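Take a look at the structure below.
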Amino acid sequence: MAQLELRDIRKTYAGALDETLKGINIDIASGEFLTLVGPSGCGKSTLMNSIAGLETITGGSIVVDGKDISGMEPKDRDIAMVFQSYALYPTMSVRENIAFGLKIRGMPKEEIRQEVERVADLLQISALLNKKPSLLSGGQQQRVAMGRALARRPKIYLFDEPLSNLDAKLRVEMRTEIKKLHQRLKTTIVYVTHDQIEAMTLADRIAVLKDGELQQLGTPKEVYDTPENLFVAGFMGSPSMSFIDVDVERTETGLSVSVEGSDGRTLTLPVPDYLENWAGKRVILGIRPEHVSQPDEQKRDNPMVTEGRFTVEVTEPTGPDVLAVIRLNDTDVQCRLDAEHPVEWGEEAELMFDMRKVVFFDPESEKRIRP
Amino acid sequence: MTDVVRTGFRPSRIAIYGVLLLACLVYLIPLIIMLITSFKTPMDIRTGNLLALPTDWTVMGWTKAWSTACTGVQCEGVKGYFWNSFKMTVPAVLISTLLGAFNGYVLSKWKFKGSDLMFGMLLFGCFVPFQVVLLPMAATLGKLGLANTTTGLVLVHVIYGVAFTTLFFRNYYVAIPDALVKAARLDGAGFFTIFFRILLPLSTPIFMVSLIWQFTQIWNDFLFGVVFASGDSQPITVALNNLVNTSTGVKEYNVDMAAAMIAALPTLVVYIVAGKYFIRGLTAGSVKG
């Protein structure tokens, strides 16, 4: 368990014109679970390899418990990593795989045996200890890979997209396992993923990266409810947030925007007072599927809630609810509807817009307009 | 299902197998003639049919070729040269294979500035004909004091072979995931530990490919043998040439054939023993983690 500070990390690959990492600053508290999330090519794996020491950084420093480790060899950093491909040594048994790092570090045989058994118990792989990795299923290999990392009791654990090679069901199971493990061991974990659901469910805090720059660092709730910019808003959440171009208007009852459905009918939506300075200007309205639903009696009295009739273009039943697409201002908008009151495509539906949690963005800077 | 069974009796099937059998025969005839001739008496060879089996089976040709046939002035058979070839081939094969493995490891897993260029230039070495290096190599061996020695010959074959073995191992190791090396580095393994504990144990198929390739190349080499070795250190290929070309008295085809068989046997044995790995190694794409 250790505290990790990334200070202005920069990385330019030899021969590359652009920086891959453009000054990343993140403080990770001891025992914290941080996920690095972003689209492929955003630099998250580079950042992870840099923390591990597998790649040298061209600027900044990596500090663990107050000690700068930027120049150290990977083996001296006391960091363990779980790889996407598991990277188990194919010629060694599970036991030897877990023991390899301990053996190299010169731990006495008896202690190694105990440590391997402790880890095997923890991950429920005791029965597999004498098997070769190639005989194991993907999920079992995943456990062994984690066991190898756990055995050394390092200061920091790095997970590099560890679940992306598993099938969907197993991925969800292992996700829960990792979360349980973290709650039990309270270790410092940096977890890279491109899957925003994994990021949301696992993390204490999420760091969203894009093009080598940190877009936002915050708790899952912060990142989801108050995204810093259009990119974060669009990246986090599934189905993702819909963005509608709207003009802020001033009326007697307050500020509002109007949206036009595919049949030409318009609906006026109330917007919060902090858009005062934007009256008469164009903004981007970010609205999540759960903000548009079937009418709910309990919400109806709220001044920030409105209803309107719109034609449903597409419906996608997911089981617990139905995702419907309507068109507002020539943009597809996803709505999350109750599965008990199904709507067919082409039909008109009475929809309720809950404007309390919608967000607005400056079309120029693409940054969120803050209250 | 019945269709499949019935095809076995179709005339086209018979024709295909007939052609295949014929092709096999064409390939086998030289070997058959060599084998049966080596067991014939000189009399039998002169009077009988080339393809006929020996009337009197005798190993006289083999024993003579092994221990008493004349290779130039000496008449001690090819046995000394046979061992010469071993003394040259075994170390040359092992050293060039190990060096190749090591080069391949560095060029695939520890890339440095210019490593790809270096690999490209090494590849170039595969296309350099033997004849081109004869003179410079002779000068080098002379300067090193290794002219006309088995050690010198080993050195020549190692240098010449490293280009090929590096190519084999480098391409094999490229397919092994880098994550394996990264994981080992984080586990605390150093440069050599990773090579010996992680990569070499994975290398059996390509090791066999390199072994067979190098053994065949070096054992069968004539040019380097005839140029860089003389007298007692000559390999069997040179001795075979001398034996066949020694023109005193009647040509003893049975001895020639037996000597040729002796010269060819070791490569055959290597192929039979390690052959199954050869194809496997050549087609091995990746290693499953």
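The values are calculated or read from the model by the stated rules, or taken from the named source; none is laboratory data. Please read all numbers here as calculations on a predicted model, not as lab measurements. So basically every Cβ, Gly included, is an ideal-geometry build from the backbone, and we count neighbours across all protein chains shown.
Of the residues A:I9, A:I26, A:I51, which single one is β-branched (V, I, T), within 14 Å of chain B (Cβ to nearest Cβ) and surrounded by 15 or more Cβ atoms within 10 Å (Cβ to Cβ)?
Result of the check over A:I9, A:I26, A:I51: A:I51.
May I ask you to list the residues in the stretch B:66-84 that are assigned to a helix (DSSP H, G or I) and more than 22 Å from the chain's Cα centre (by Cα)?
Matches in the stretch B:66-84: B:S67, B:T68.
Return the only residue of B:V19, B:V59, B:V78, B:V90 being surrounded by fewer than 12 Cβ atoms within 10 Å (Cβ to Cβ) and either at negative phi or of a type outside the set (D, E) (or both).
Result of the check over B:V19, B:V59, B:V78, B:V90: B:V19.
Kindly indicate the residue of the stretch A:63-79 that is within 23 Å of A:M146 (Cβ to Cβ) and in a strand (DSSP E or B) and also nearest to the other protein chains (Cβ to nearest Cβ) among those meeting that condition.
Taking the candidates together, the pick is A:I79.
Against the condition free of Cβ contacts under 8 Å to residues at least 12 places away in the same chain, within 19 Å of B:A229 (Cβ to Cβ), in the same structural domain as B:F195 (by TED's automatic domain parsing) and within 21 Å of the chain's Cα centre (by Cα), how does B:T140 come out, does it pass?
For B:T140, the condition - free of Cβ contacts under 8 Å to residues at least 12 places away in the same chain, within 19 Å of B:A229 (Cβ to Cβ), in the same structural domain as B:F195 (by TED's automatic domain parsing) and within 21 Å of the chain's Cα centre (by Cα) - is not met.
Give the stretch B:189-211 a look and list any residue that's part of a helix (DSSP H, G or I) and either surrounded by fewer than 19 Cβ atoms within 10 Å (Cβ to Cβ) or of a type in the set (K, R) (or both), or say none.
B:F191, B:F192, B:T193, B:F196, B:R197, B:L200, B:P201, B:L202, B:T204, listed by residue number.
Which numbered condition in (1) out of contact with any helix residue (DSSP H, G or I) (no Cβ under 7 Å at 6 or more places or on another chain); (2) in contact (Cβ under 8 Å) with a residue 12 or more places away in the chain; (3) within 13 Å of chain A (Cβ to nearest Cβ) is the only one that B:S203 fails?
The number of the failed condition is (1).
Which of the residues spanning the stretch B:171-188 are in contact with a Phe, Trp or Tyr (Cβ under 6 Å, 6 or more places away or on another chain) and surrounded by fewer than 22 Cβ atoms within 10 Å (Cβ to Cβ)?
Answer for the stretch B:171-188, where residues must be in contact with a Phe, Trp or Tyr (Cβ under 6 Å, 6 or more places away or on another chain) and surrounded by fewer than 22 Cβ atoms within 10 Å (Cβ to Cβ): just B:A179.
Hey, can you tell me all the residues within the stretch A:225-251 that are more than 10 Å from A:R288 (Cα to Cα), among the charged types (D, E, K, R) and either in a loop (DSSP other than H, G, I, E, B) or in contact (Cβ under 8 Å) with a residue 40 or more places away in the chain (or both)?
Selection gives A:E228, A:D245.
Of the residues that sit in the stretch B:143-182 and are assigned to a helix (DSSP H, G or I), in contact (Cβ under 8 Å) with a residue 24 or more places away in the chain and of a type in the set (S, T, N, Q), which one is farthest from A:K75 (Cα to Cα)?
Only one residue tops the list, namely B:T150.
Does A:V82 fit the bill of being touching a helix residue (DSSP H, G or I) at 6+ places or on another chain (Cβ under 6 Å), closer than 20 Å to B:V181 by Cα and buried (at least 19 other Cβ atoms within 10 Å of the Cβ)?
For A:V82, the condition - touching a helix residue (DSSP H, G or I) at 6+ places or on another chain (Cβ under 6 Å), closer than 20 Å to B:V181 by Cα and buried (at least 19 other Cβ atoms within 10 Å of the Cβ) - is met.
Got a number for residues in the stretch A:252-277 being part of a helix (DSSP H, G or I) and surrounded by 18 or more Cβ atoms within 10 Å (Cβ to Cβ)?
Of the residues in that region, 1 qualify.
Residue pairs, Cβ under 7 Å, 6 or more apart or interchain, first in the stretch A:132-153 and more than 12 Å from every other protein chain (Cβ to nearest Cβ), second surrounded by fewer than 18 Cβ atoms within 10 Å (Cβ to Cβ). List them.
A:G139/A:L170; A:L150/A:L122
Name the single residue, out of those in the stretch B:155-196 being among the hydroxyl-bearing types (S, T, Y) and within 14 Å of chain A (Cβ to nearest Cβ), that is farthest from B:K109 (Cα to Cα).
This residue is B:T193.
Could you identify the single residue in A:R153, A:R205 that is surrounded by fewer than 24 Cβ atoms within 10 Å (Cβ to Cβ), touching an Asp or Glu at 6+ places or on another chain (Cβ under 9 Å) and closer than 26 Å to A:R118 by Cα?
A:R153
Look through A:T56, A:T35, A:T46 and report the one residue that is within 14 Å of chain B (Cβ to nearest Cβ) and not in a loop (DSSP other than H, G, I, E, B).
Selected residue: A:T46, the only one of A:T56, A:T35, A:T46 that is within 14 Å of chain B (Cβ to nearest Cβ) and not in a loop (DSSP other than H, G, I, E, B).
What number of residues within the stretch A:312-338 satisfy the criterion of being assigned to a loop (DSSP other than H, G, I, E, B), surrounded by 12 or more Cβ atoms within 10 Å (Cβ to Cβ) and on the phi < 0 side of the Ramachandran plot?
Within the stretch A:312-338, residues that are assigned to a loop (DSSP other than H, G, I, E, B), surrounded by 12 or more Cβ atoms within 10 Å (Cβ to Cβ) and on the phi < 0 side of the Ramachandran plot number 2.
With the requirement that a residue be among the charged types (D, E, K, R) and away from chain B (no Cβ under 14 Å), what does the stretch A:80-126 give you?
Matches in the stretch A:80-126: A:R95, A:K109, A:E110, A:E111, A:R113, A:E117, A:R118, A:D121.
What's the number of the only condition in (1) modelled with pLDDT of 90 or more; (2) closer than 22 Å to A:I125 by Cα; (3) not hydrophobic (A, V, I, L, M, F, W, C) that A:N165 fails to meet?
(1)
Among the residues of the stretch A:177-220 satisfying the criterion of being among the basic types (K, R) and modelled with pLDDT under 95, which is farthest from A:A80 (Cα to Cα)?
Result: A:K210.
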